[in-house]
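Only one structure is covered here, and it is reproduced in the block below.
The values are calculated or read from the model by the stated rules, or taken from the named source; none is laboratory data. Treat the numbers as computed from the prediction; the structure is a model and nothing was measured. Cβ placement follows ideal geometry from the backbone for every residue including glycine, while neighbour counts extend to all protein chains displayed. With ligands, DNA and RNA removed, areas are computed over all heavy atoms of the protein, side chains included. Shrake-Rupley method; radii C 1.70, N 1.55, O 1.52, S 1.80 Å.
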Amino acid sequence: MTAQLSKKGEAWSARFSEPVSDLVKRYTASVFFDKRLAQVDIQGSLAHAEMLAYQKIISADDYAAIQKGMTQIQGEIASGKFEWLLDLEDVHLNIEKRLTELVGDAGKRLHTGRSRNDQVATDIRLYLRGAIDDISGLLRDLRLALLDLAEQHADTILPGFTHMQVAQPITFGHHVLAYIEMFGRDAERMLDCRKRVNRLPLGAAALAGTTFPIDRERVAKTLGFDDVCRNSLDAVSDRDFAIEFCAAAALVMTHVSRMSEELVIWMSPRIGFIDIADRFCTGSSIMPQKKNPDVPELARGKTGRVNGHLIALLTLMKGQPLAYNKDNQEDKEPLFDTVDTLTDTLRIFADMARGITVKPEAMRAAALQGYATATDLADYLVKKGLPFRDAHEAVAHAVRSCVDRACDLSDLSLEQLRAFSPLIDDDIFQVLTLEGSVAARDHIGGTAPRQVRLAIQHLRQQLG
Ligand code: ARG
């Protein structure tokens with residue numbers, strides 16, 4: 001007896017002597033989260049049915065009935081009238097059952113030469129391809145917003161830090177460009193991952209392929225896949241493409257999180273480098289003076305759950321023998337949540353980048369503390385012939401003496417400076433200014449305002 005959808009809905013009722021308990025039903029069902037795949041599930045089914053008809057595996061009339069039924073189902077889902085049944089376990093069986101209700105035997109023929117195993121793998125790939133395209137667009141928006149910020153502040157000077165200690169003066173535009181580079185690589189990773197997502201599993205059926213004369217390439221073309229998966233066992237079972245996406249997503253969030261950490265620090269009144277527009281902040285229920293950078297803090301926190309989803313999927317996969325196992329049903333929630341978290345975060349950050357107010361005076365004041373131009377003094381001595389290690393030593397003495405006197409290097413007189421090296425002349429004062437320091441780092445990748453502007457120009461061309 002062939003398995004078919006009984007009235008109660010079980011797809012395999014004839015084989016079983018007792019029904020599963022309600023708890024097991026709930027435990028094994030996925031409909032409450034995978035109904036999100038309805039749209040792509042129908043898209044995949046229609047492409048499969050079209051091919052079945054073209055290959056004369058089903059009749060043209062059956063295909064027409066399936067199309068008609070699916071159109072109605074799409075309407076029911078869109079209007080919220082579609083009744084999702086736990087008894088029917090997942091999105092695939094729910095839709096197939098309704099189709100059969102609507103169009104009879106044609107609906108029962110849809111599953112010819114197909115299994116839910118290759119069906120679900122196809123659905124996830126279609127869904128993920130769309131998500132990657134959205135995310136790529138959002139990464140582009142974020143980079144464009146950051147480019148505007150970098151451009152406004154190509155000349156704004158702040159201290160650059162290593163070990164959170166003042167290191168050398170840099171331009172804020174240059175600092176922002178660093179994140180634009182990170183998000184650029186993230187976009188490349190997404191695009192690269194898309195290549196491996198965009199292959200068609202349908203035709204693999206349960207695991208071994210099918211006895212029907214199917215045309216997989218035709219289905220791939222209809223659905224916009226670049227290729228078909230080349231091995232049926234692999235096609236239904238591996239979720240490496242989803243893992244790869246989650247790894248790329250974890251890196252995006254890691255970059256967002258690093259930026260968030262800086263935004264939080266910069267917005268602290270103790271630093272006061274920036275302000276973030278009120279619409280991204282919240283107050284405190286007890287302390288009336290508070291304005292907290294909640295959005296960057298939450299993004300930093302949400303990075304943890306995205307990293308967690310990556311580990312969840314890796315762990316899900318690692319012990320599975322070929323081919324499909326029910327474990328794989330657990331791939332969806334981590335994947336959906338990764339997509340949702342990333343999508344929302346990027347959308348908010350692109351907007352927030354435009355809501356950042358920079359406070360150049362505070363940045364400048366900070367750059368004037370901490371001997372940020374000490375390396376410039378050392379480089380100056382090297383250019384006058386002193387070996388670098390000796391120059392380093394001479395400047396260390398100068399800094400030490402400034403610490404004792406509680407002044408900056410540029411506050412020392414020429415005479416006082418010459419005590420550390422007779423090579424110092426009055427052209428030193430230009431070198432010790434913040435502007436002189438940043439302007440001197442004038443090569444590709446350097447912090448000079450001229451280079452920042454060139455980099456921005458280059459990136460604008462790239463982003464089109
Ligand atoms: N709901 C299942 C999943 O998400 C669909 C595939 C079920 N296949 C099966 N042989 N039980 O993976």
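Some notes on this structure:
- For region 37-59, filtering for residues that are in a helix (DSSP H, G or I) and open to solvent by 70 Å² or more (accessible area, probe 1.4 Å) leaves 3.
- When residues of region 120-140 are limited to those that are closer than 20 Å to Met253 by Cα and of a type in the set (Lys, Arg), the one farthest from the ligand (Cβ to nearest atom): Arg140
- Within region 156-173, tally of residues that are touching a Lys or Arg at 6+ places or on another chain (Cβ under 9 Å) and either closer than 20 Å to Ile276 by Cα or not in a strand (DSSP E or B) (or both): 4
- Of Met164, Met182, all but one fail to be within 24 Å of Ala365 (Cα to Cα) and either away from the ligand (no atom under 16 Å from the Cβ) or of a type in the set (Val, Ile, Thr) (or both); the exception is Met164.
- For region 416-464, the set of residues classified as under 30 Å from Leu146 (Cβ atoms), among the aliphatic types (A, V, I, L, M) and open to solvent by 60 Å² or more (accessible area, probe 1.4 Å) consists of Ala440, Ile444, Leu454, listed by residue number.
- In this structure, Leu434 qualifies as under 44 Å from the mean Cα position of the chain (by Cα) and at pLDDT 95 or above.
- Screening region 60-119 for helices (runs of 4 or more DSSP H) wholly inside it with 3 or more residues that are in contact (Cβ under 8 Å) with a residue 60 or more places away in the chain and within 15 Å of the ligand (Cβ to nearest atom) returns the ranges 91-103.
- Test result for Arg300, in a helix (DSSP H, G or I), in contact with a helix residue (DSSP H, G or I) (Cβ under 8 Å, 6 or more places away or on another chain) and basic (Lys, Arg): yes
- Subset of region 328-366 [surrounded by 15 or more Cβ atoms within 10 Å (Cβ to Cβ) and farther than 25 Å from Val256 by Cα]: Asn328, Gln329, Glu330, Arg364
- Residue satisfying all of: in region 119-148; of a type in the set (S, T, N, Q) and open to solvent by less than 10 Å² (accessible area, probe 1.4 Å); farthest from Arg230 (Cα to Cα) among these: Gln119
Here's the yes/no breakdown for (1) in contact with a helix residue (DSSP H, G or I) (Cβ under 9 Å, 6 or more places away or on another chain); (2) within 21 Å of Arg125 (Cβ to Cβ); (3) in a helix (DSSP H, G or I):
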{"position": "Phe225", "(1), (2), (3)": "yes, yes, no"}
{"position": "Ala247", "(1), (2), (3)": "yes, yes, yes"}
{"position": "Ala250", "(1), (2), (3)": "yes, yes, yes"}
{"position": "Thr254", "(1), (2), (3)": "yes, no, yes"}
{"position": "Arg258", "(1), (2), (3)": "yes, no, yes"}
{"position": "Leu263", "(1), (2), (3)": "yes, no, yes"}
